[in-house]
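Report on one structure; see the data block that follows.
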Amino acid sequence: MGKSRARRFRRAPRAPAGPTEQGDGERGPEEEAAAELLEKLQHPSAEVREYACASISKLLQQKHVIPAFVQRDVVRCLGPLLMDHSLAVRETAAGALRNLSACGGFDVCDDMVTNDIMTPLVALLKECSTGLDANQLSPKKCRGMNKNYIEDIANEAINLLWNICECNNTALYIFNKEGCLEAVLHYMKKFATNVDLAISVANCLQAVTEDNPDLLSSFNASAQQLLETVMLCPESTMKHILLRTLIAGTIWNIKDTIPPGSLGSTVNAILKIFSESLAIDAGETIIRMNEAEKNRLKLAVEAEAEENMSDITENCVLSEDDNMEEIPKGKLRRENDVSDLLPSDKWELKEVTALLTAQQTALEIIVNMCCSEDPSDDEWEELSSSDESDLFMENSYNEGSGLLLSPLCLSDEVNSAFLNNLIPKKILEKTAFPNSVALDICMHNPSWKPLIKKLNTVQCRALTCLQSILLVSDVDCLGGASALQSLAQHLSQLIFSKTELPTDTEFLEAVTSALRALLQTMASKNISQCMTPEQLLALCEAGIQSSNASVRVNVVSILGISGSVLAKGQDTAETLKMIGKFLLEVAMKESCLVVAGEALDALFDVFADGKEAEKAALQIKLLPTLKEFQPVFRMRMRKEGKGQYSTDQLCVLDNVKMNLRRFIAYQETLGKTPT
């Protein structure tokens, strides 16, 4: 997938701490903290350096603090500590740089590469890879377990590498040139004992293999065998499901390295992984895991109470002379102890988060599979003959939705065989609104509240996946007319089930895109549509107010598709008048030329043919209105076109301008034709 730079981090000038400007010698709280902590990075004591790194790591999670550190060359200060003599310092320094890359955005990642962060990072990755099997444990225990510094350092470093390579092409070039793949794959061998490290590696691999043909030659048979082993691991935790999903995505990215004879079974294995992920009900999982968390915390409180009671009983038998002044437990923390900066253990929450991430990833990869280059006939013949995947159930019929599910099948045309799969039940289920009980749990639990956004994101990705499948699938494969009508009712229910139309931009874009693709398919096959004109206009009136231009384009297109169908019917002139007035207003008043052009295109479709369309066009004075608007549209294209729109958009707008001239000429001939 392409990487969006729409929300870029911009360096802010040093801001005053109060309402009045400070003098030259004064500094705000962020600058004071940054200066003090960066100075401590040079301290001879490893404990002080570790504490400074951990404190910086925590502060860098607050975006408004980042400029203060960037202006003081935080990268050049932290970079050398990746090779510090102290393993604890290495880990916390890598963690701080990881947070900087994750929270700073594209510009900060670019600065990190410019400031040569890749040199110490690559050195650290290779050194950790070499020492990975040394099993270097800390003499102290962390949360009841021996701490493996090498693996923990590697985990932070891999996450840092992932963030930077995803944002910066130079970093990706260095990754290829320095042969980092070998070291990264070596970490993956720990997947059986350290799934968190393996997930980090899998995320990194998926990022560096996307649109990176120079890396493909590095994936030899041994590397492919390792990925296959991980993808087939039998563990059933949500983290392992996420791991398998990410590895499946990586294998899809490097599919060009797979022999043609094996590609079919490989893709079916990938789909089986996605099927496993999408089959799980996230709402029910949240309910179950939340209950498990409550029980665990209850048992922990009871155990602590018993321990405290035991301590009190023991202390009571001591004589007063033997008692020393006891320091409260909260005071035992050393000044430079970093344990308070580490996140608390939330196993259940992490499991749910892993599941939702796996489902989102699976849906996104399916979208990419639908948009991929056409494979050869031989590849798809081998694929369609395999029965390893249960995602698309062969010749089965889902009674609930009326949608036929089938395996991937060959296209009728040579060199145009896409994922011509039927709409899977599991994807459809993900398009529904999240479980209300699960939402209530998340709403009333601060640490679980971020899951609400993840649940909504999965729904939106499922709708986008649905749209992609509709665009590449044949109507018969989709289950025929009745199946498409059932799907239209489902999408209508998503839009109109609540008293007010949805306003969430991401959801509106996803659901209108899916509905647009569906209505296009139905109209092309003369399948009757189930949305009423009132529903269509309500949707369009709400959607046209969206700040998202894609939503506005979708609703205008939806109205055009539906209007063109209505124009072929009887006694539809009144409805066509409403549609025509709406589209004319959008074309003339819309600030975005692309949306205005789409409205004109929709008008051309609606009023292209039919007695009802001719009658409505006369009543709304379509021809004189368009003739008056034509020079205005041309002028807007000359003034606004260059610099504001892409080449593709300008080509589309040029076609609209040409079609507007032709449509006016066509309408003029209708006026001259004897009735």
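The values are calculated or read from the model by the stated rules, or taken from the named source; none is laboratory data. Being a predicted model, the structure only gives us computed values, none of them experimental. Cβ placement follows ideal geometry from the backbone for every residue including glycine, while neighbour counts extend to all protein chains displayed. All accessible areas refer to the heavy atoms of the entire protein, side chains included, with ligands and DNA or RNA removed. Shrake-Rupley method; radii C 1.70, N 1.55, O 1.52, S 1.80 Å.
Can you pick out the pairs among Lys426/Lys525; Lys568/Lys642; Lys63/Lys272; Lys454/Lys498; Lys239/Lys425 whose Cα atoms lie more than 28 Å from each other? Going by Cα-Cα distance, Lys568/Lys642; Lys63/Lys272 fall outside the 28 Å limit.
Neighbours of Glu541 by Cβ distance under 14 Å: Lys/Arg scored +1, Asp/Glu scored -1, total -1. Since only Ala96, Leu59, Val74 are under comparison, the one whose Cα sits farthest along the positive direction of the charge dipole of the range 46-120, derived from C-beta charges on Lys, Arg, Asp and Glu, is Leu59. Computed over the range 527-674, the quotient of the alpha carbon radius of gyration and 2.2 N^0.38 Å is 1.02.
Taking other residues whose beta carbon is less than 12 angstrom from the beta carbon of Val556, and scoring Lys, Arg as +1 and Asp, Glu as -1, yields -4.
When the C-alpha to C-alpha distance is required to be over 30 Å, the pairs from Lys147/Lys298; Lys577/Lys657; Lys189/Lys298; Lys147/Lys177 that qualify are Lys189/Lys298; Lys147/Lys177. Among 433-444, 576-587, 524-535, sorting by the average number of other beta carbon atoms lying within 10 angstrom of each residue, highest first, gives 576-587, 433-444, 524-535.
Packing, taken as the mean count of other beta carbons within 10 Å per residue, orders the peptides 292-304, 613-625, 464-476 from highest to lowest as 464-476, 613-625, 292-304.
Between Thr229 and Glu429, the FRET efficiency estimated from the beta carbon spacing at R0 = 22 angstrom works out to 0.10. Descending by average beta-carbon neighbour count within 10 Å, the peptides 173-183, 268-278 line up as 268-278, 173-183, the highest first.
Solvent-accessible surface of the range 589-646, taken per residue with a 1.4 Å probe and all protein chains present: 53 Å².
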